[in-house]
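Notes follow the structure.
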Amino acid sequence: DVTIQLIESGASEAAYEAIVKGNTASYSIAGVALGTYTMKVMKQNHVTREYTVIVGTNPVVQDVKIHLKGDINGDGKLTNIDVARANAHVRGTTLLSDYELKCADVVGTDGKVTNIDVAKINAHVKGTNKLW
């Protein structure tokens, strides 16, 4: 299940919510009041994605792709490439930003990518300790 929420600007609770099934889905939320919203797209074992959407008189179309936790390059699986990218960020040679940074932060408690995140992604890739 994928949960889509619309949160009105300045609010903390979702004003609208839809749940869709599958990896590829079209959805529609009827009766949304005009205004600016944060759209959150969430799925178990995936990194939440957020977008700002402005609802006017015309339909809003938003293409969304969410990644598994640890899947920095978004190819649908965790591999040594993801380990290398997280490690390069920790070493400061190639910094991650925005959504990639969120995907690499598998510990998810500090908003940073550290050696602990790299080790957890690596253990998942090796099959010694799965993230989910």
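The values are calculated or read from the model by the stated rules, or taken from the named source; none is laboratory data. No experiment lies behind these values; they were computed from the predicted model shown. Methodologically, a virtual Cβ is constructed for each residue, glycine included, from the backbone with ideal geometry; neighbour enumeration extends over all protein chains shown. Surface accessibility is based on the protein's heavy atoms, side chains included, excluding ligands, DNA and RNA. Shrake-Rupley method; radii C 1.70, N 1.55, O 1.52, S 1.80 Å.
Values for this structure:
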quantity	calculated
Filter result (over 15 Å from the mean Cα position of the chain (by Cα) and closer than 26 Å to residue 101 by Cα) within the range 21-51	22, 24, 25, 36, 37
Condition met for residue 23 (touching a Ser or Thr at 6+ places or on another chain (Cβ under 9 Å) and either more than 16 Å from residue 131 (Cβ to Cβ) or surrounded by 13 or more Cβ atoms within 10 Å (Cβ to Cβ) (or both))	no
Scope the range 38-86; condition assigned to a helix (DSSP H, G or I) and among the β-branched types (Val, Ile, Thr); matching residues	81, 83
Residue match in the range 57-71 (condition: modelled with pLDDT under 95, farther than 23 Å from residue 102 by Cβ and basic (Lys, Arg))	no
Qualifying residue in the range 47-68 (condition: in contact with a Lys or Arg (Cβ under 9 Å, 6 or more places away or on another chain), open to solvent by 90 Å² or more (accessible area, probe 1.4 Å) and over 26 Å from residue 125 (Cβ atoms))	yes
Failed criterion for residue 126 (all others in (1) of a type in the set (D, E, K, R); (2) without any contact (Cβ under 8 Å) to a residue 40 or more places away in the chain; (3) open to solvent by less than 100 Å² (accessible area, probe 1.4 Å) hold)	(3)
Single residue of the range 112-123 satisfying the filter (in a helix (DSSP H, G or I) and free of Cβ contacts under 8 Å to residues at least 24 places away in the same chain) that is least open to solvent (accessible area, probe 1.4 Å)	123
Tabulated pairs, the range 1-15, first more than 15 Å from residue 32 (Cβ to Cβ) and in a strand (DSSP E or B), second open to solvent by 40 Å² or more (accessible area, probe 1.4 Å) and among the charged types (D, E, K, R), C-beta under 8 angstrom, 6+ apart or interchain	2/21; 2/43; 3/17; 3/40; 3/43
Members of the range 98-111 that are modelled with pLDDT of 95 or more and in a loop (DSSP other than H, G, I, E, B)	105, 106
